Each structure stands twice: as structure tokens, then as C-alpha cells.
Amino acid sequence: DAERRKYVKGKKLGSGQYADVFSAHLSTNPSTLYAIKKIKVIEDFKDGITYDSLREIRFLQELRHPNIILLHTVYSTKNQNLNLVLEYLPGGDLLQLIQDTGGTHYGMADIKAWMAMLCRGVYWCHSNFVLHRDIKPNNLLIAASGEIKLADFGLARSFADPAQPMTYNTITKWYRPPELYYQAAHYGGAVDVWSVGCVFAELVGRRVFLGAIPDTDVNMVGAICNAVGTPTEDNWPGVSKLRGYIPVDAADVKPVRGKEHWMQQFRAVGELGVDLMMRMFALDPNARCGMEQALRHPWWTAEPRPSRNEDLPRRG
Ligand code: ADP
């Protein structure tokens, strides 16, 4: 309760699929803004929101990094809503910039800067044993400085009541890696690397790279086979033993796409950029590059150099 009284709620900034977001400031200091995300908690969970479950979310408070949204505090109110006090990020999200094809122009230097920020944020999560598991352009929020911040960690959402009908872009499975469709019992940081690859390809092409409507598992696996290649025992040892594996007739196996194919589609990022992208799209999660490896890639230091924050495109 002390936490709640510290903040004065202001206007509503927006409504998401499972939360309302308000601006706020400290009662003792009106000049610094915060965003309070009020999560509508699913009825069945209400008694379950205890200090223990909040502890998991509070863990994120310790994940401090310039490219990860800062969670200042968490409190729950009498009616058992969860309130996350977050850093205020007024620049919208990356999806808005990608989709604003008429008004927002960005180039390879901007893509490289955004990708570097995304990769550093994800690397920091993984170094601290946190998986994000839902990386996509609308979860990459933009600060007043132009910096990108990884937002919307799934922990809080697991309590949430998805009240409104869901739109494809908010709960889409388009950014999920093949091991999740195949229901791998063990998975790791490679799931986020695949999603980072999807964001990379979408930034360059300004269209969703692996989309299917409806995004059923079968449709999504089909989209992955077409764009990347069909997972087989040859390119992914052990894949056919996974619980959700969908067998494919030998005649229908699509070969793993080679460099020439990727170059045709993503020539704008150059050979080094395509090399990095292909490593992020390795079908076998064990063969996929890790975040550390991604950050050491020669693409970052090749021309063009990443844009400075102050030169990055803004909304509007
Ligand atoms: P979604 O369900 O689309 O992910 P959210 O629930 O995260 O949306 O947020 C809803 C809206 O609130 C966003 O579209 C955005 O305009 C605004 N918003 C969310 N987080 C912040 C923040 N930290 N700072 C400023 N505005 C925010």
C-alpha cells in the first residue's frame, strides 16, 4: 500500500490485450514520468498472487540494462490487480515504425543500431538465465533517446486475463522457433535467437517474415519449411523424436535454403548481414548461434556503422 501511495496516476496511455497502461509520477516529484501497467488478473489466480509469485516478477527488477525496460516496482492492490511500475517510454514500438511505410524512412545503419540494442538486451537476459520467449516488434519499445527497450516479459502475463479478442499481432506465434512447435521438452536461449532473427528479417523486408493466418502449428511449421527448410534428422539430429514432431514425406522435404536464396531476399544487408541472419535461423537449436556469438559477428563493424541514437528515426 505504501508503494501504491507513492505514485500519482495520470492519463491512460493505452490499452493492451491484458492490461491498461497509465502515466504516473511520484507524489514527491512530478517531473519524472513512469508508466503503470495495470494487469487484469484472471479470477482463478487472484488468491494465488502472493509474495512468492511476485518474487519471480521482482527478479526482473534486478535485470538492469539500457536495452531492457526498467521495472521500478510491483504492487498488488486490494482488488488483486497487479501493477507494474515501469520506465516511461513515449516513442511507441518498433512495429509502428516498420508498418509506417508511408512516413518512416530508415536505412541499414538504423537497422544495425536497433539490432545491436536488441541483441545486447537479449544477451543480458541470457547471461542472467532469463529467457524472454516473446520477442517481436511490438514488444520493442522506443525511449525518448531513440533507444530500443525489450519489454513485456511473459511472467506477469501468465497471471493475466486475456479479456479482449486477440489480434494477430499481439499474440501471434509468428516469431516462435520450430522447437516450440515440436514441443521440445528442453529449450533454451536459442528460442529468443530465432525471434531476434525474425525481427531482423522483418526490419529489412518491412513485412512479416514467417507469417501464417491462422497461425496454427501446422501452418507455421509449413511457413518455416518453405522459407528456411524442412527439419530432418540430417539437419537436426533427434528432431523426429520430439513429442510434437510432424513427419514429412521424403518427397515433400524442402531443402535448407542456401546463401544465394537468402541473398536474393535480403541483399540489402550484404553478405555479412545475411550470414548472421542465417545463423539465427539454424533449424537445429543446438546449431543456432548464441547471443554472444551473434554479438561477435563481423557484420556489426562492417559498413555502414550503426546510427547514433540521436539520428534514429522517430514516430510521426
Ligand atoms: P500490447 O498488449 O499491445 O503489448 P501493452 O499492454 O504493453 O500493449 O501497452 C498498451 C499501450 O500502452 C501501448 O500501445 C503503449 O502505447 C502504451 N505503453 C505501454 N508501455 C508503456 C511504457 N512503458 N511507456 C509508455 N507507454 C507505454
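The H on the amide N of TYR7, modeled in the peptide plane, is under 5 Å from the matching H of SER27, each at least 5 residues off or on a different chain.
Where a ≥ b ≥ c are the square roots of the eigenvalues of the C-alpha gyration tensor, would you call the range 169-246 rounded, which needs a/c under 1.5, or, failing that, prolate if a/b is larger than b/c, or oblate?
Details: a/c = 1.67, a/b = 1.57, b/c = 1.06.
The shape class here is prolate.
Summarise the long-distance tail of P(r) for the chain by giving the % of C-alpha pairs beyond 27 Å. Taking all Cα-Cα pairs of the chain, the fraction more than 27 Å apart is 46 percent. Evaluating 6.51 cos²θ - 1.76 cosθ + 1.60 at θ = phi - 60° for every residue in the range 192-198, the Karplus couplings come out as 6, 5, 4, 4, 4, x, 5 Hz, glycine and proline recorded as x. Summarising the overall dimensions of the range 207-296 from its C-alpha atoms, the Rg and Dmax are 13.9, 39 angstrom. Here the sum of -39500 (n - 2.57) over DSSP H runs of 4 or more residues, divided by the residues of the chain, equals -9000 deg cm²/dmol at 222 nm, to the nearest 500.
Put in line by how crowded their Cβ is, counting other Cβ atoms within 10 Å and starting with the fewest, ASP249, ASP275 read ASP249, ASP275.
Among the GluC sites (Glu not before Pro) within the range 217-279, those in coil by DSSP and having at most 15 neighbouring Cβ atoms inside 10 Å are GLU233. Remark: for residue pairs LYS6/LYS40; LYS40/LYS173; LYS149/LYS241; LYS6/LYS173, the C-alpha separation exceeds 30 Å in LYS149/LYS241; LYS6/LYS173.
Where a number appears in this text, it was derived from the coordinates with a stated rule and is not lab data. In this text, all values refer to a predicted model and were calculated from it rather than measured experimentally. A quick note on method: Cβ atoms are made from the backbone with ideal geometry, for glycine too, and the neighbour counts reach across all protein chains shown.
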